[in-house]
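A short write-up of the structure that comes next.
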Amino acid sequence: MGIAIVFTILFMLGILVVVLTIRHWVSQAGALLQDVPALRARLTDHLATFRLTAPLATWLRGLNTDALIGALGATAFAFPLRVFSAVAYGLSALFLGLYIMIDRDRLRGGLFALVPVRTTFSSRAS
């Protein structure tokens with residue numbers, strides 16, 4: 001019962017964190033996507049001032065950013081889900097390990113009920 005309570009509390013906290021932060025993530029991503037042309041122009045102007053990075057500035061000016069922004073946006077929104085699932089798997093493993101350590105005698109009895117304690121193998125000579 002205690003493990004169920006802990007899992008429920010952690011699940012609710014995880015949902016609360018996602019609900020409270022998703023709006024800010026979306027607004028920041030939208031603001032960043034709107035500022036991309038201005039940021040790219042500032043970067044290319046800065047790179048063009050140096051002889052060594054001038055070819056990079058030329059390449060950056062000709063770069064098609066629409067496809068790049070679409071791929072980056074999809075990756076940026078998939079990343080928090082991956083982090084959440086990794087944290088959830090880690091916490092599940094932690095609590096499962098704790099459960100096994102706390103209730104090991106009953107688990108050992110169940111294992112011995114499935115697997116016989118003593119087996120005899122007879123080998124026949126052919």
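The values are calculated or read from the model by the stated rules, or taken from the named source; none is laboratory data. Worth saying up front: this structure is predicted, and the values here are computed from it rather than measured. Just the protein is used for accessible areas: all its heavy atoms, side chains included, with ligands, DNA and RNA removed. Shrake-Rupley method; radii C 1.70, N 1.55, O 1.52, S 1.80 Å.
Pairs of Cα atoms nearer than 8 Å and 6+ residues apart set the relative contact order; for the chain it is 17 percent.
Computed over Cα pairs, the Kirkwood radius of the chain leads via Stokes-Einstein (1.002 mPa s, 20 °C) to a diffusion coefficient of 103 µm² per second.
Tell me, what is the per residue accessible area of the chain in Å², probe radius 1.4 Å? The partial results should precede the final answer.
Working: 10850 Å² over 126 residues.
Counting only protein heavy atoms, the per-residue value for the chain is 86 Å².
The helix-based estimate of mean residue ellipticity at 222 nm for the chain, built from -39,500 (n - 2.57) per DSSP H run of four or more residues and divided by its residue count, is -29500 deg cm²/dmol to the nearest 500. Tally up the carbon and sulfur contribution to the accessible surface of the chain as a whole percent, 1.4 Å probe, everything protein left in place. Roughly 71 percent, rounded to a whole number.
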